[in-house]
Every structure is written in C-alpha cells, then in structure tokens.
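Some notes on the structure that comes next.
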Ligand SMILES: Cc1cc2nc3c(=O)[nH]c(=O)nc-3n(C[C@H](O)[C@H](O)[C@H](O)COP(=O)(O)OP(=O)(O)OC[C@H]3O[C@@H](n4cnc5c(N)ncnc54)[C@H](O)[C@@H]3O)c2cc1C
Ligand SMILES: Cc1cc2nc3c(=O)[nH]c(=O)nc-3n(C[C@H](O)[C@H](O)[C@H](O)COP(=O)(O)OP(=O)(O)OC[C@H]3O[C@@H](n4cnc5c(N)ncnc54)[C@H](O)[C@@H]3O)c2cc1C
C-alpha cells in the first residue's frame, strides 16, 4: 500500500519513505505484464494481488509494499531477458533470493518488477580436487553443504538463516555466520560469479582460480545489496570438514570480566572457530526456551567452540579453560561429547526465537564495535533501554565485535515501534561513535539507509553513489536501498 | 621511467598528498603513484612526468593485538609492520612476498605498494589474499579528495566496499594514504613435509590430497627443479602446517601417512621449514635471470600440469607452483612469442595471467593483463572516470590508454 505522501504502509501505519513511483510505469502495468509473459514461460510471471502478497515484505516484516509484478526466471538467459526489457523501458527491478533480509533489502517498490531467483536452485558442479562448487543463485546456503557433506566437505559461511537464505542473497549481503572468526565471511569464500548487468549483458567474473587480474569486481559486487547487477551463478570454495568440534561454556559475574576473558583468549594466540557472547537478559530468555542449563546468576556468558581431533580439542579447551579461570568464572562447562556441545549451542541457536517468546516483536540490530569497547557499549545500551522503556537482549559475535541487540517492542502499538526504531538508531550511532560501523552482516537495506550520514561524509556517499551509477546509470536496480534518498537526484520525481 | 625520477613529490601528510594531486589536476600533469618504487618495472610503464610517492607518509597509527587489527600510513615499510606484529606474536595473514631479489632493488616494499598490487604469498591458498584482510582504507581520489571506506572492525558491510576496489588497482583509482589490516596470531610452531614426487601430475595430486584433508594446511607448493640451497631435489611438493606445537606434530604425522603413497617424505621443522617457505614466497626457486620476463598465472590447480606442459613446449620455461598449483610462476625469454604462449595457456585453462616483470620494450607493447569482456571493460572505464576523471593517476599502468 502506498500513501499519498509516498510512504509505504505497514500493518500499523506509515514508516519508510520510498521514492515516488513513476506514474507512466504504473499506468502501463497491464502491458508490462503482457510483455513479461511473452519473454518468460507463463508460470514465471505473477501479477494477481493474492499471489503477489508473499513478496510484499522480507525478514524486516514491519515494512511492506506490493510490487508491480514478480518474475521467477529459471535460467541466466531469462534473468538477462527481464533485465534487458526493464532497462529498455525504464522499469525498476528488485532482486530477491529467499527474502530473509533483516534490513529490508528485498522490500519491493510499487513500480518495480521483483526478480526472484528461487527457481534457479541447481547445483551445477562439484569439484573436490580443486575444492569448489558451482551453484545457481537460488540454492540455499545449507543446500551447498548438504550436497558435499557426504564426501566430508562443507561450505563455511553459516548464517543462522541458512536453512532458508540463498547463496545469491548471501553474496549480495556478504553474509557472515557464527564460524566466520575462523573461516571468514562470504567474500572470503567465493571464486567466481555469473553476473548480469542492468543492460542484460551476461559476464563471468573470476572463475575457478584465486587471483583476479585487473580490478577486483568480485570483491566490489560482494555485499553490494543488489545495487550493481544480478548474480545468477556462484562458484564457492568448499572446505574439508574438521575432524571434530566441541564447545564449552564460561559464565562471568560482569560484562567487563567476560570481555577481558575474550581479550585474553585471543591475546594468547587462540582463535576459536566460534566465540559467542550473551548478556543476562539473553541468557534468561534462551534458558526459558531451550533448557540448556545456562547459569541464571551470570551477567555474561561465552560459548566457545574449537575444532580438530579429540586430543586437539582437549588441548585447546584446556588452554581456554585455564585462561577463563583467571577471571573468576561463575561456571565453566566443557562438553564431553558432541551431544553436550549441541546442548550448549541449543540456547544460542534459538536465541531469536526465545526472545520472540518473551516479547511480541523484536528488532534485530547489527552494528560492529571494536571489541575493547564492549563494556562501555553495553552500559550505554542498558541506559538507552531504560530511557525508551523497552527491553533489550544482547547476543554478540565476541571475537569480531559484531553486536546483535534484540530490541523488544509491540508491533500493535505504533508508539512502541517508533521508540524501538529510535532506540535502534541510537545504538547504531553509538557503534559508529566508538569506531565501529552500522552493520556487520545484515546490510544497510532500507532500514539503515538514512543513518549512512552518521558513518560517511557527503562526499564519500556521493562517491559510492557514483560507483553505483557506473553500473546502473538510470538507478533502476534496487533503488531506495543503501543510500539516503535525500540529495539523490537520480530518484527524485 | 627515468623522467619521473627527476620530479618526485613525497608529501609527509595526507593533506599534502591531496594537494599534490590537486596541483597535478590543475596542470593536467599525470602522476606516477608509488611507495618506494620497487615495482616500477611491474606491469606497464607509467606515462607520467611526475611521481607522487607516499614514502614519507609512514608510521603505525593503531595496533590492537586483541582486536586483531593494525593500521599504518601507506608509506610504512612492510618490514616495520611485520616487526611490530612479531613482538606480539602475530603475523600478516596474506604473507606478502619480499621481491627485492626478483626486482633487483635494495629497498623493501611499503604497505601501500603491497596493497596497491594485492600481493599475497603462500598462505593465500587457505588464509586469503591481501584484499581479504584490508578492513579499511583512507585514500585520495584523482580529484584530490580524501575518502574512507571500511573501517577498523573485523565485520563491516556498510556501503559499497571500495577497499576491495582499490586493493590491486595499482594506484589507478586513488592514492592510498592509510590502510587497516586484519592480522592473526603467528602460530606457535611450523613444520613442512617435503615429498619427492615423480612429476607435476603426481605433485599436484599430492597437494590436492593435502588441501582436501582436515588438517588445516597453510602452504602447498611444488618446486619442479627443487631448491638446491635447502638440499631439496626436484620435483618436490611442500606441505606446511602452522599451529600449536602439539597440533603441528599430530597433523604432520597424519599427513605423512596419507601422502606417502605419492613419494618419499621428509620433514622440515622450525628454521628449515621457515626458510623453505620464505624462498617459495619470494619466488627464489624460480631463479629468474635479470634479462628474463616473469609471469604469474592463476588457474584451477588441476589445470596446472597441462598449463606447465604447454609452456615448456613453447619456450624454455622455468616454473614454480604455489597455492596447490593455483599459482604458476613462470620465467623465460622476454619475447612476444613466449608472452603469446602464456596468454594462450592461461586462457585455455580458464585462468588469468600477469606479466609480472619484463623489459620496458616488452611490457609497453603487450597486454600485461587479460582483456576483460566488453561489458566489464566499459564499467571499468566509468568507474575510473568516477575516481580519476582526468586520468592523472598512473596512466597506462594496467592497460594501454587507461
Ligand atoms: C532468523 C534470521 C537469522 C539471520 N541470521 C543471519 C546471520 O547469522 N548472518 C547474516 O549475515 N545474516 C543473517 N540473516 C540475514 C539474511 O538471512 C541474510 O542477509 C541473507 O544473506 C539473505 O539471503 P536471501 O536469499 O534471503 O536474500 P534476500 O533477503 O532475498 O535479498 C537480500 C538482498 O540481496 C539482493 N539479492 C538477492 N538475491 C540477489 C541476486 N541473485 N542478485 C542480485 N541481488 C540479489 C536483494 O535485492 C536484497 O537487497 C538472518 C535472517 C533471519 C531472518
Ligand atoms: C604485476 C606486478 C609486478 C611487480 N613488479 C615489481 C617490480 O618490478 N619490482 C618490485 O620490487 N616489486 C614488484 N612487484 C611486487 C610488489 O609490487 C612489491 O613487492 C611491493 O608492492 C613493493 O612496494 P613499494 O612500496 O615499492 O611499491 P611500488 O613499487 O611503489 O608500488 C607498487 C604498486 O602499488 C601502487 N602504489 C604504491 N603506493 C601506493 C599508494 N600509496 N596508493 C595507491 N597505490 C600505490 C603503485 O602505483 C604500484 O602500481 C610486482 C607486483 C606485481 C603484482
């Protein structure tokens, strides 16, 4: 739904400004649908309101907007055909994977054609000798690992949404996961892309080799949130799975002390595969939900995972245990088995769901801070929580400083949502203020678009916009995301 | 190049760099951008009357070992950064080479130079390239404006990643003034298995088996002629582990059992292991002669034996294979014919090549990098026009007329 003033309407009121739709496109809707049906197989074009509804939002469901049409191509050529057509007619497009974006990256526009890649879901090639897999963009993240795990391999980046989210979406968001401290994020695990420009030109970037000669297009496109073109195939690196992995839990009496323990572990040269931090509200929510045996008297808790043979796991866990013991832990629990590891992880993996049970709705924030700033930042967040009268639970990839405060609110109360948004914005500005950034893995999308001015100067934003313009001069690709609308002439009416 | 030496500007502040670029812009005089100019012979000769050097812009500006980040001004010698890291038992993950010997120069590289050239060593195969660890940059555009991208935290997806774009752009899109890198603990111990293999096929198969094992191999190279100074007869495959001492012992043992079917195995520990990898990193076993050309070819590892065979057939090529076979260093006669053979071999294996070092007569006359598809090339020109509209930064460095 679009209100007269150009704001999209959510289920409880207007909230995000979208660029004014192009009236001539809206007026030609039927003709555009007919053209698209000529370009694509009949079942690949959706125009009926009831079938468009599932595409009106993504993982940031507070924002909704029905698109002009949805197309579901099955091949790179079909994607190219739709883009070529939209480019020729000045029609905006919104690429879509699984629609799990937490920043509204896949939110449609009223005058845009959504290009959903969920039907491009084939694994095209697996090569163990050279350790890569070529997959279509609509293959789910877990689908890659499933295809190779029987042979002892895996695809490393593991966002919590991995059952649903697709590799094309992962590339565009440069997604991370719980294990990226050791294995890196999506950008570090790619070899090549099939990329389709807004003009509908198909180009191969990278390949099965490591070194690009020339500009690093692969690096620039990764994390570009659908601003530069579409990705239809991805060549990912696959890795041999470790011999085994085991987790431990360490709980502390204060946030400061837990932070010091993290510093001491890394300072001792130990890089665990995962190093997750939970604060007290989060521990309580997860324990109530998962009965994982978390210590309820702790102010902060770490989940630490190591890999290797059983003897290596013992060696590393004992090193870490000794380090933690210097910080008067309330409890230290080393998993003795894979089952006990799973039990330790169970609460953390269900953290979002657990918070969902104690609060009708929550906003998941995603700033990054220098890890040394953790105590200061958590203190300020708890002050903000009191100020706004909204609860917050913090989970945190402690090794890399990526903070996920979950702000609890009530979506049926417009005032509560407005406060939650303001609270979230304050947290992200704080992240920037202490030397961090607005988003560590969820992307800017529409959600953080207007906060970009807190991190970048206007000339830096102008430069980034100009780089987008070099790929997409007409600003047809996923406009209204990433960059503030203010001062953007390309999107003015 | 000698003309450029006459007029070198080496500002000691970022604002000074910006001023120098603005002055060049005003007078429409192109600039050769360099750190210490150790790689002037690299790629194509720059057509510029003036040189802008960042050598006077040096110093580590931030180092937080527990946060795994270090920032330094672009002209900081890489050796100085490595020394600071070593004090805290940490390392540069991408293991950039020290190419003084290869390029016959005295001075060591600067941070801006290794980032500008995206230079990575053996650890690139599992640890990632230089560009994977550039967390943030400060730079001056061709319009003389200072801009930043990224930051000083490990995870950051805010806005377009211009760090990746400038890393490996050889100073054609901006002058780097400061770089922040992700670093890692150095690993308590290191050890290497040396396998005497029958030939390149067998050697690559052994490296693939090692890299496909669960043992976290951090280096996988193949020396067709061995390396006499270290007593290694060729062809020899090298497999490295860097980790806690217990793990190095255990993993080398497991690998030894798994790899002995490929050839006779010996173990290098500690100093000899480090010496072997320093040699591989710096392409010493290649033994490139001053008058020869040097190329780097990047392919899927299993294509390396065929590429190597094709090159050896075309000219008296000497080879050094790293990254499990994914990187082929080639030395040979600096002729258009050998260059054509390199281009053909790389293209037929679906890979890329770089004419790394060659006499100016050759590098000025030939494409030193593969052609890009037309659609990408025109995007590239538009991106160049955004960052350097007057085309004054390193004109001709990567491609003729660009
Ligand atoms: C419960 C939950 C947990 C999550 N956990 C994590 C986590 O741990 N780590 C993390 O990083 N993220 C996480 N996310 C966020 C989200 O899953 C990721 O951003 C994911 O990569 C999005 O993939 P998708 O297929 O759903 O893409 P979408 O949401 O459909 O799209 C994401 C963006 O990419 C663009 N896009 C998608 N496909 C293409 C394509 N083929 N070509 C061009 N542009 C395209 C879209 O326009 C949009 O801007 C989580 C989300 C949820 C709901
Ligand atoms: C194709 C290729 C050829 C090479 N040829 C040589 C060679 O001939 N001699 C040699 O010693 N090493 C060479 N190297 C290795 C490597 O470049 C050097 O080891 C290292 O970069 C030297 O640092 P420097 O400070 O001397 O860099 P420089 O030689 O001064 O510069 C290296 C590259 O980075 C750019 N650059 C330097 N500083 C900046 C900056 N502040 N901002 C932006 N860009 C910058 C330069 O324009 C140049 O393209 C080559 C590498 C490659 C990839």
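Take residue B:282 and decide whether it is more than 23 Å from residue B:371 (Cβ to Cβ), touching a helix residue (DSSP H, G or I) at 6+ places or on another chain (Cβ under 7 Å) and surrounded by fewer than 20 Cβ atoms within 10 Å (Cβ to Cβ). Yes, satisfied.
Taking the listed residues A:336, A:312, the one that is at negative phi, more than 29 Å from the chain's Cα centre (by Cα) and in a helix (DSSP H, G or I) is A:312, with no other qualifying. All of (1) in contact (Cβ under 8 Å) with a residue 24 or more places away in the chain; (2) on the phi < 0 side of the Ramachandran plot hold for residue B:226 with one exception: (2). Could you tell me whether any residue of the stretch A:439-446 is closer than 30 Å to residue A:89 by Cα and more than 8 Å from chain B (Cβ to nearest Cβ)? Scanning the stretch A:439-446 turns up at least one residue that is closer than 30 Å to residue A:89 by Cα and more than 8 Å from chain B (Cβ to nearest Cβ). Among the residues of the stretch B:99-116, the one identified as away from every other protein chain (no Cβ under 14 Å), more than 6 Å from ligand 2 (Cβ to nearest atom) and crowded, with 24+ Cβ neighbours inside 10 Å is B:111.
Wholly within the stretch B:293-402, which helices (runs of 4 or more DSSP H) include no fewer than the required count, namely at least 3 residues that are within 14 Å of another protein chain (Cβ to nearest Cβ), at pLDDT 95 or above and closer than 30 Å to residue A:472 by Cβ? If you could, list the steps in order and put the result at the bottom.
Details: elements: B:304-314, B:336-348, B:360-363, B:374-387.
Per the criteria, B:374-387.
The single condition from (1) over 25 Å from residue B:321 (Cα atoms); (2) within 12 Å of ligand 2 (Cβ to nearest atom) that residue B:120 fails is (1). Exactly one residue among A:229, A:223, A:219 is touching a strand residue (DSSP E or B) at 6+ places or on another chain (Cβ under 7 Å) and within 14 Å of another protein chain (Cβ to nearest Cβ), and that residue is A:229.
Looking only at the stretch A:182-201, residues that are touching a strand residue (DSSP E or B) at 6+ places or on another chain (Cβ under 8 Å) and at the interface with another protein chain (Cβ under 8 Å from one of its Cβ atoms) come to 1 in all. Sub-7 Å Cβ pairs linking a first residue in the stretch B:333-346 that is closer than 10 Å to residue B:366 by Cβ and outside the structural domain of residue B:358 (by TED's automatic domain parsing) to a second residue that is at pLDDT below 95 and surrounded by 18 or more Cβ atoms within 10 Å (Cβ to Cβ), at least 6 apart or interchain, number zero. If the condition is being touching a residue at least 24 places away in the same chain (Cβ under 8 Å), within 14 Å of chain B (Cβ to nearest Cβ) and either under 30 Å from residue A:93 (Cα atoms) or within 20 Å of the chain's Cα centre (by Cα) (or both), then the stretch A:107-153 contributes A:133, A:134.
When you scan the stretch A:350-378, how many residues do you find that are assigned to a helix (DSSP H, G or I) and without any contact (Cβ under 8 Å) to a residue 60 or more places away in the chain?
Taking the stretch A:350-378 first, the residues assigned to a helix (DSSP H, G or I) are A:351-358, A:371-378.
Then keep just the ones that are without any contact (Cβ under 8 Å) to a residue 60 or more places away in the chain; that gives A:356, A:376-377.
Matching residues across the stretch A:350-378 total 3.
Might you let me know whether the stretch A:108-116 holds any residue that is over 27 Å from residue A:141 (Cβ atoms) and not assigned by TED's automatic domain parsing to the domain that holds residue A:201? Checked the stretch A:108-116: at least one residue is over 27 Å from residue A:141 (Cβ atoms) and not assigned by TED's automatic domain parsing to the domain that holds residue A:201. One residue alone among B:174, B:234 is free of Cβ contacts under 8 Å to residues at least 40 places away in the same chain and touching a strand residue (DSSP E or B) at 6+ places or on another chain (Cβ under 9 Å), and that residue is B:234. Scanning the stretch A:47-73 for residues that are more than 22 Å from the chain's Cα centre (by Cα) and in a helix (DSSP H, G or I) gives A:49, A:50, A:51, A:52, A:53. Is there a residue being crowded, with 24+ Cβ neighbours inside 10 Å, away from ligand 2 (no atom under 16 Å from the Cβ) and at positive phi anywhere in the stretch A:102-113? The answer is yes, given that some residue of the stretch A:102-113 is crowded, with 24+ Cβ neighbours inside 10 Å, away from ligand 2 (no atom under 16 Å from the Cβ) and at positive phi. For the stretch A:156-176, the condition of being away from ligand 2 (no atom under 16 Å from the Cβ), free of Cβ contacts under 8 Å to residues at least 60 places away in the same chain and over 23 Å from residue A:349 (Cα atoms) holds for none of the residues. More than 7 Å from chain A (Cβ to nearest Cβ), within 19 Å of residue A:222 (Cα to Cα) and either touching a helix residue (DSSP H, G or I) at 6+ places or on another chain (Cβ under 8 Å) or crowded, with 20+ Cβ neighbours inside 10 Å (or both): does that describe residue B:137? Criteria met by residue B:137. The selection criterion, being near ligand 1 (Cβ under 8 Å from one of its atoms) and either in contact with a helix residue (DSSP H, G or I) (Cβ under 7 Å, 6 or more places away or on another chain) or at pLDDT 95 or above (or both), does not hold for residue A:75. Among residues of the stretch A:447-467 being touching a strand residue (DSSP E or B) at 6+ places or on another chain (Cβ under 9 Å) and touching a residue at least 24 places away in the same chain (Cβ under 8 Å), the one that is nearest to the other protein chains (Cβ to nearest Cβ) is A:449.
The values are calculated or read from the model by the stated rules, or taken from the named source; none is laboratory data. Everything numeric in this text was worked out from a predicted model, so none of it was measured. Using ideal geometry, Cβ is built from the backbone for each residue, glycine included, and neighbour counts are taken over all protein chains shown.
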